[in-house]
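Here the structure comes first, spelled out in structure tokens, and everything after it is commentary.
Values in this text are rule-based calculations from the coordinates and carry no lab data. These figures come from a predicted structure and were not determined experimentally. When we count neighbours, we look across all protein chains shown, and the Cβ atoms used for this are built from the backbone with ideal geometry, even at glycine.
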Amino acid sequence: MIRIKAVIAYDGSHYQGFQKQTSTKATVATALEEALSALQIHSPVTASGRTDAGVHATGQVIHFDLPDFWQDLHKLKTALNRKLSDIHIKHLSDVPVDFHARFCAKRRVYRYVFKTYQPSVFEQAYIAKYEPFDSLILQQALGCFVGRHDFNYFHKTGSLTHTTVREIYRAYYRHYKGYHCIYFEANGFLRSQVRMMVDAALVCAREEMDIEALQEQLACQKKHRSQLAPASGLYLARIIY
């Protein structure tokens, strides 16, 4: 048995999230396991983290176990990509058998992409829309998230976790040719945490909520905002080990 680490990208608009579900086969994990099974590789896939329905990835990491008769990883990568649609295997490598895509990850990076005008019909599954905003206030709001905080008021319930404390190392905004991007880098994220933080920061940047209210929510004193930014703009960009 050989443990394999794979870096993958996928179009999340065609899937009901990464994780396998009993109610649908339209998940990234199911598609991957079916492609592996067709190549006589009967192994579950484990991801660095789950992504919600409609959320994309450019640098998701998974691991799975490979039978000994598969030796040529270049051939395996080619065979898998022929069987997959909307999912692309970017890189395969063999790793120690104790490697775990989720538990070995040190940092995770998410990117949120949006426009302040309606994206074209070709972009609307991949780019979100928000009304015009003050970029200086947005930077200030994002700065509030940096550090170690209890994000109990910034996640959707339903996921099992032993703690809601996470550390955000970087949170910043970039603008490029009409595209607005927000980046978060942290040791981990709770369910829908990034989408809730993006929405709250942009509400502040539109001066519909003040920074003090954001700080109150971050301190778990009062919940002012619980809406999620559209899934279409969110990308799991990179996993750092």
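What to note about this one:
- Of all residues in the range 1-31, those that are more than 20 Å from A101 (Cα to Cα) and not in a loop (DSSP other than H, G, I, E, B) total 2.
- Sole exception among (1) buried (at least 19 other Cβ atoms within 10 Å of the Cβ); (2) of a type outside the set (A, V, I, L, M); (3) part of a helix (DSSP H, G or I) for Q60, by number: (3)
- Scan the range 160-200 for residues that are part of a loop (DSSP other than H, G, I, E, B) and surrounded by 13 or more Cβ atoms within 10 Å (Cβ to Cβ) and the total you get is 7.
- Summed over the range 122-153, residues that are more than 22 Å from the chain's Cα centre (by Cα), in a helix (DSSP H, G or I) and not aliphatic (A, V, I, L, M) total 2.
- Selection within the range 72-121 - surrounded by 11 or more Cβ atoms within 10 Å (Cβ to Cβ), in a loop (DSSP other than H, G, I, E, B), of a type in the set (S, T, N, Q) and out of contact with any helix residue (DSSP H, G or I) (no Cβ under 9 Å at 6 or more places or on another chain): T116
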